[in-house]
1. From the list E210, E172, which residue is free of Cβ contacts under 8 Å to residues at least 12 places away in the same chain and out of contact with any Leu (no Cβ under 9 Å at 6 or more places or on another chain)?
2. In region 186-207, how many residues are in contact (Cβ under 8 Å) with a residue 60 or more places away in the chain and under 16 Å from K173 (Cα atoms)?
3. Being open to solvent by less than 30 Å² (accessible area, probe 1.4 Å) and either in contact with a Ser or Thr (Cβ under 9 Å, 6 or more places away or on another chain) or of a type in the set (D, E, K, R) (or both) is true for just one of V184, V166. Which residue is that?
4. On the basis of being within 20 Å of the chain's Cα centre (by Cα), within 30 Å of K197 (Cα to Cα) and either assigned to a helix (DSSP H, G or I) or at pLDDT 85 or above (or both), does V73 make the cut?
5. What number of residues within region 171-195 satisfy the criterion of being at pLDDT 90 or above and within 16 Å of D158 (Cα to Cα)?
6. Find all pairs meeting these conditions: Cβ atoms under 6 angstrom apart; at least six residues apart or on different chains; first residue within region 150-163 and without any contact (Cβ under 8 Å) to a residue 40 or more places away in the chain; second residue in a helix (DSSP H, G or I) and open to solvent by 30 Å² or more (accessible area, probe 1.4 Å).
Amino acid sequence: MENKRIDYKKYKLNVKKKSKVGSKEDLVKMAAPKAAQVLYNIVTIGPRLILRSAFQLLRANIITRILSAIVLVSIDTYLFVRKRISLKQYLINVALAALLLVGGTAGWYAGQNVGYILFQNAVIGIIAGVIGAGVLGFGFGAVFEKIIGKFVKDDTADMLEICNGVFCNLAEKYDLTEEQAEKVVEALQLDPPTIRKMYASPDKTTFACELIEPCLKEIISPPCHK
């Protein structure tokens with residue numbers, strides 16, 4: 001029986017995008033090393049030297065954050081030089097790295113000072129600083145991404161627009177049912193490396209077609225298993 005006319009534009013391919021700002025797991029990764037260092041000092045160094053260790057950690061924190069920002073920018077610079085990301089994506093990423101540095105450092109000192117003032121305890125102050133660094137660092141970046149996303153399309157949005165256009169054309173060509181279209185969208189959760197490869201491709205439409213069509217064919221005619 002012939003399928004009714006289906007609006008395939010309502011089916012959108014997505015990217016398993018891991019924000020540079022980070023997820024909940026990233027916040028844990030940011031906080032865990034410093035928290036672990038505090039606990040380790042409590043157990044192995046003893047109460048008399050905890051305060052000295054705390055001041056050493058405070059001095060080292062800004063250096064660590066600057067180095068982290070440099071590493072992030074270096075990676076983005078490499079990708080930009082290799083033409084794996086666009087200039088606008090590069091500038092967005094550099095701005096995000098700067099916000100992570102500023103927000104994380106501000107959160108660290110604000111949290112540490114508030115914690116120490118309220119509890120008069122260096123260890124609690126450091127824990128509060130770790131939390132503040134994670135919250136402000138994440139918050140600054142998340143707000144920036146949300147605002148900039150309303151005015152500028154990043155590489156992911158550009159590549160997804162091409163992929164979704166190709167998907168609509170292929171869906172019409174193969175006369176997919178709604179169920180089949182949903183399965184293709186679920187199966188084709190793209191990832192950032194694929195998006196970068198697509199951006200670097202000289203023919204992005206062909207790249208998208210070669211990516212989507214095999215998955216589409218497999219769903220229409222799944223392989224037989226004996």
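The values are calculated or read from the model by the stated rules, or taken from the named source; none is laboratory data. Please read all numbers here as calculations on a predicted model, not as lab measurements. Virtual Cβ from ideal backbone geometry, glycine too; neighbours counted across all protein chains shown. Surface areas here come from the heavy atoms of the whole protein model, side chains and all, with no ligands, DNA or RNA. Shrake-Rupley method; radii C 1.70, N 1.55, O 1.52, S 1.80 Å.
1. Going through E210, E172 in turn, the sole match is E210.
2. Count: 0.
3. Going through V184, V166 in turn, just one is open to solvent by less than 30 Å² (accessible area, probe 1.4 Å) and either in contact with a Ser or Thr (Cβ under 9 Å, 6 or more places away or on another chain) or of a type in the set (D, E, K, R) (or both): V166.
4. It is true that V73 is within 20 Å of the chain's Cα centre (by Cα), within 30 Å of K197 (Cα to Cα) and either assigned to a helix (DSSP H, G or I) or at pLDDT 85 or above (or both).
5. Selection size over region 171-195: 2.
6. none
Per-residue answers, yes or no, for (1) of a type in the set (G, A, S); (2) over 24 Å from S86 (Cα atoms); (3) more than 18 Å from the chain's Cα centre (by Cα); (4) crowded, with 16+ Cβ neighbours inside 10 Å:
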{"residue": "A142", "(1), (2), (3), (4)": "yes, no, no, yes"}
{"residue": "I148", "(1), (2), (3), (4)": "no, no, no, yes"}
{"residue": "M159", "(1), (2), (3), (4)": "no, no, no, yes"}
{"residue": "E172", "(1), (2), (3), (4)": "no, yes, yes, no"}
{"residue": "E178", "(1), (2), (3), (4)": "no, yes, yes, no"}
{"residue": "Q189", "(1), (2), (3), (4)": "no, no, no, no"}
{"residue": "D203", "(1), (2), (3), (4)": "no, no, yes, no"}
{"residue": "E218", "(1), (2), (3), (4)": "no, yes, yes, no"}
